[in-house]
Amino acid sequence: MNVDPIIWAITIVVILGLLAFDYFFHIRKAHIPTLREAAIWSSIYVGLAIVFGIVVWIFGGATMGGEYFAGYITEKALSVDNLFVFLVIMASFKVPREDQQKVLLFGIVFALIARTGFIFAGAALINTWSWMFYIFGIILLITAGNLLKEEDSGDDDADNFIIKLAKRLFNTSEHYDGDKLVTKIDGKKVLTPMLLVMVAIGGTDLLFALDSIPAIFGLTQNVYIVFTATAFSLMGLRQLYFLLDGLLDRLIYLAYGLAAILAFIGVKLVLHALHENNLPFINGGEHVPVFEISTGLSLTVIIGVLTVTIVASLVSKSGKAQTVLNNARRHAASYLELDYTADQAERERVYQLLMVEENAIQTMEVKFRDKHKDSEEILEQVGKAHALHEKMTGR
């Protein structure tokens, strides 16, 4: 279905308007969003995405509407997985809590720009060479396999090649100056870590696009649906980051669920490629009569896999233990890092959370605590946080 240019223009203006609203009313003044604020605005953005999907369903038909919702849900799930990486980058650069919103909004804008470029490039490739479906399918199958590999999150570091190169070529400071990208030291202009963390976020956004764009093209080849599903999945990601803060580690089976979804879409793409086949070395260049997965089945599988994954993660005792230990490590590190935030109320909030987590660690079954290789180190950090709190507050 072709979409009128006027509809395209209105859609782009609305999305740009939402981004501008986000910046001028939430980001311009640095602050730490409350849980209530994050929950309200996350709900608003999800609600807008659902309303848009219903409008597409009404005016574009059930197939187009189903493709949008399948694409939106898949891209949203991938975006939540991306938040894990953002969390690592923020921790690696020790971004002050009140300035994290600006970094996240930059990441969202950059991701939207990068993915828009990939969307139109992908559409051009598919329209020119139908065998690109094979390539996209293989990319997703490889990505699914990589998601199943065990990774040591403790070794993650945002100090990658681009960052090292930037530090070598330009003068950089070790400390933040609010949310400024450039500051002056001894009368000389230098880059702040804020600019470097934005470079790191932008670099990861490019890598994420290489996975997410083939995934959604596996669900629909309608460029308008691909664009809007991707855009709405990114909107509200900043609020979701603060809403899920402390709960991301709880989704211990999310990688398995995403691997299953990407593998499913990869197979769907390969089947579609076989159906459209014109490669001479496959069936003599003729179409291969294969089963094609419908939009309805795709939507059902995606929702089903994510539901099972989330429920299994939330009820898992091992997942609960891992969440408590990882949150305790992060909160202890945040409290011990005096540059974490200048907001004393936020520091006290972090300390109180740490106390709750320490109590949970002490009462959890030993077998679950021992599964975490850093449990003793985490308890040592908690002890240091106690000592610092006593020193700073006298109690």
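Taking one quarter of the surface of the C-alpha convex hull of the range 1-117 gives a mean projected area of 8.2 nm².
Only one residue of 394, 263, 332 has its Cα farthest out toward the positive end of the dipole of the chain, where Lys and Arg carry +1 and Asp and Glu -1 on Cβ, and that residue is 394.
Any chance you could count the Lys pairs in the range 318-393 whose alpha carbons are under 29 Å apart, treating pairs 8 or more apart or on different chains as valid? Taking the Cα cut-off of 29 Å, the pair count is 7.
With a 10 Å radius around each residue's Cβ, average the other Cβ atoms per peptide and rank 139-149, 51-61, 259-269, highest first.
Values: 139-149: 17.0, 51-61: 15.5, 259-269: 22.6.
Most protected by this proxy first, the peptides run 259-269, 139-149, 51-61.
Overall dimensions of the range 243-395, expressed as equivalent-ellipsoid semi-axes from the Cα gyration tensor (√(5λ), whole Å, largest first), are 49, 16, 13. Please give the helix 254-275 orientation as an angle from the longest Cα principal axis of the chain, in degrees from 0 to 90, rounded to the nearest 10. The angle comes out near 20 degrees. When both the range 309-327 and the range 42-83 are represented by their alpha-carbon centers, they are found 27 Å apart.
Computed from the C-beta positions of residue 348 and residue 124 and an R0 of 35 Å, the FRET efficiency is 0.05 to the nearest 0.05. Put simply, the amide H of residue 172, placed in the peptide plane, has neighbours under 5 Å in 191, leaving out anything fewer than 5 places away on its chain.
Each Lys and Arg contributes +1 and each Asp and Glu -1, all at the Cβ; summed about the Cα centre of the range 5-251, the dipole is approximately 740 debye.
When the helices of the chain are scored as -39500 (n - 2.57) per DSSP H run of n ≥ 4 and the total is divided over every residue, the value at 222 nm lands at -24500 deg cm²/dmol. Here the simple spin-label model places points 7 Å from the Cα toward Cβ, and for residue 307 and residue 286 these points are separated by 4.2 nm. Computed on the Cα atoms alone, the convex hull of the range 5-251 gives a volume of 150 cubic angstrom per residue.
Hey, with R₀ at 22 Å, roughly what FRET efficiency would residue 40 and residue 16 work out to, going by the Cβ-Cβ distance, to 0.05? Working shown, then result.
Numbers: r = 22 Å, r/R0 = 1.01.
Working from the Cβ atoms, E equals 0.50.
Rg and Dmax over the alpha-carbon atoms of the range 171-224 stand at 18.0, 56 Å.
For the range 279-299 and the range 216-237, write down the distance between their C-alpha centroids in whole Å. What the calculation gives is 23 Å, centre to centre. Take the Cα radius of gyration of the range 318-393 and divide it by 2.2 N^0.38 Å, N being the number of residues; the result is 1.08.
Rule-based calculations on the coordinates, nothing more; no lab input. Since the structure is predicted, the reported quantities are computational estimates derived from the model, not experimental observations. Positions of Cβ are generated from backbone atoms using ideal geometry, with glycine treated the same way; all protein chains shown enter the neighbour counts.
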